[in-house]
Amino acid sequence: MQFAARCLVLLLLLAANGVDVGARAESPSDRDMRMSWWRDARFGMFIHWGLYAVPAGRWNGEDVPGIGEWIMDRANISAADYEKLAPRFDPTEYDPQQWAQVAKDAGMKYVVITSKHHDGFCLFDTAATDWDVVDATPWGKDLLMPLSAACREAGLHFCVYYSIMDWHHPAQVRGGEYHNPTRIRDGQKRVYIDYMKQQLGELLDSCDPDVLWFDGEWPDWWTEPDGREVYDFLLKRKPSIIVNNRVAKGRKGMEGFSPDDQPHAGDFGTPEQQIPATGVPGLDWESCMTMNDTWGFKANDDNWKSEATLIRNLIDIASKGGNYLLNVGPTAEGRIPQPSVERLAAIGRWLRANGESIYGTTASPFEPPPWGRATKRAGGDALEVYLHVFDWPADGRLAVPALGGSITSATLLDGGTNVEFEQTASGAATLQLSAEAPDEVASVVKLVIAAGD
Ligand code: FHN
């Protein structure tokens, strides 16, 4: 066989075994090690913060429909008019320690904050442009570094969001009367990629993010090879960093990933405002969702999801092997809206009682049952299965499918009360639960299954 043919076969074999055959090679075990904290974390805070919080959804006295951070597009605001927002951005109530504490008390394990959204405005000190918080606002200081320090002090991973589409950078032109998607000026793509790499390098040096969360990758001038170049750049600079699939072209819309597609640069899929019907074995993914209807702050958006919905979303996502990235949109003054704080505190209370059934678990060993969801923790000589009961049975009897072994114990997580059960020869079981559900949102029963008996 010709040398070239042998090389091609080797590359195909490597790719078939999950090894990135781009500029860097990584074994499946090395990848598992790099992804391990993120997989165990299951729950993170998304923060959309920037100049758009100043108008907060209103322009020229009118409410502007759509998500708040898109106001420049939805109200068709010129760059010159949008730049007038910067002198009004002075977040005197910004308290990074309090933000980190809110995330920690909610049971979140990482924080992803916008460093630069589509408006191109940078919340960090960058030498690449004066369109940043240091040079353009009365605040005059980097906003990300203190939050990265506060997160690490609180034991959280600090991560940043970065938009490829940039409505302000001179290399990109708005498409007609809309800004979405931008077009790249002839011969300017390399200028813009170099700009991106300079800023990404500044972010790595100043606040050392553990995840780079890209967005705005959909303009057709941004290609898979461009994403691969940036992905390899980042991994070379920081081998432990994790990058989402929006660095390149793997997202395929709001579904967030395309498992049957060609390999794309990036480490996890990114469903947006939705939870996939099922997970995809072997694929890492994270559903990013808002608490109301907007990512960036809007004064008139009070359509808040209930605490029960948010807790059950977390459970549903974990039961499918995914992470939940739940958004807050702070005000221009630097406050996380109180309805967000209250909901996060409720999720934290539930996780303090039941977090064992979420953190470090993997997808359910069976299809979603009518009464709720399940997660598992495999390992050693036993399998742990957590039953999250949303709809507590009136007669107390809960059917559980065969789980590949004998149930050696059944206990309520919230208090450790033993649960009676009957298991048939087929392995299917019926639990006899108490009359009242311990938790009206989701009560958790922990089963321990003897491995393979
Ligand atoms: O256009 C953005 C939007 O403003 C927001 O940042 C979401 C969050 O994932 N991402 C893009 C839409 O897919």
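Readers should treat all values here as calculations from the given coordinates under stated rules, not as data from a laboratory. Since the structure is predicted, the reported quantities are computational estimates derived from the model, not experimental observations. Don't worry about glycine lacking a Cβ; one is built from the backbone with ideal geometry, like all the others, and counts go over all protein chains shown.
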Cross-link reach list, lysines versus Lys84, counting only Cα pairs under 26 Å and skipping chain neighbours closer than eight places
Lys116, Lys141, Lys298
So, in Å, what gap is there between the alpha-carbon centers of region 156-217 and region 398-453?
49 Å
Can you give the FRET efficiency to the nearest 0.05 for Glu255 and Arg88, using r as the Cβ-Cβ distance and R₀ = 30 Å?
0.20
Computed about the Cα centre, the charge dipole of region 3-357 from +1 Lys/Arg and -1 Asp/Glu charges at the Cβ has a magnitude in debye, to the nearest 20, of 680 debye
For the chain, the longest stretch holding no GluC sites (Glu not before Pro) located in a DSSP loop with at most 11 other Cβ atoms within 10 Å is which?
178-435
Does anything in region 302-321 have its amide N under 19 Å from the 7 Å Cα→Cβ label point of Leu283, and if so which residues?
316-321
Can you tell me how much longer the chain between Asp414 and Arg152 gets when fully stretched, taken as 0.36 nm per residue apart minus their C-alpha distance, in nm with one decimal?
91.4 nm
Okay, helix-only estimate at 222 nm for the chain: each DSSP H run of n ≥ 4 adds -39500 (n - 2.57), divide by all residues, round to 500 deg cm²/dmol; what do you get?
-8500 deg cm²/dmol
Contact order relative to length for region 372-450, counting C-alpha pairs under 8 Å separated by 6 or more residues, stands in percent at 41 percent
Most exposed first, judged by fewest Cβ atoms within 10 angstrom, Thr278, Thr331 run Thr278, Thr331
Extension gain (nm, one decimal) between Arg58 and Glu224, 0.36 nm per residue minus Cα-Cα:
56.1 nm
Convex hull volume per residue in cubic angstrom - Cα atoms of region 372-450
83 Å³
Note on region 3-357: alpha-carbon gyration tensor, axes a ≥ b ≥ c; rule is a/c under 1.5 for rounded, else prolate if a/b larger than b/c, else oblate; result oblate
Here the alpha-carbon Rg of region 48-147 over 2.2 N^0.38 Å rounds to 1.13
Antiparallel bridge percentage (DSSP; both residues within the chain; nearest 5):
55 percent
Of all the C-alpha pairs in region 289-355, what % are more than 19 Å from each other?
33 percent
Percent antiparallel among DSSP beta bridges with both residues in region 26-165, to the nearest 5?
20 percent
When the charge dipole of region 372-450 is computed with +1 on Lys and Arg Cβ and -1 on Asp and Glu Cβ about the Cα centre, the Cα farthest towards its positive end, among Ser409, Ala450, Ala374, belongs to Ala450
How much of the DSSP beta bridge set in region 162-296 is antiparallel, as a percent to the nearest 5?
30 percent
Measuring from label point to label point, each 7 Å out along Cα→Cβ, what is the Val448 to Lys197 span in nm?
5.4 nm
Here the residues of region 372-410 lying in the modelled label zone of Glu440, meaning backbone nitrogen under 15 Å from a point 7 Å along Cα-to-Cβ, are 390-392
Using the alpha-carbon centroid of each, what span in Å lies between region 246-314 and region 359-380?
20 Å
Along the positive direction of the dipole of the chain (beta-carbon charges: Lys, Arg +1; Asp, Glu -1; about the Cα centre), which of Gly396, Leu326, Trp213 reaches farthest?
Trp213
Given a Förster distance of 41 Å, report the FRET efficiency between Arg352 and Asp186 from their Cβ-Cβ distance, rounded to the nearest 0.05.
0.15
How far, in degrees from 0 to 90, does helix 144-153 lean away from the longest principal axis of the Cα atoms of the chain, to the nearest 10?
20 degrees
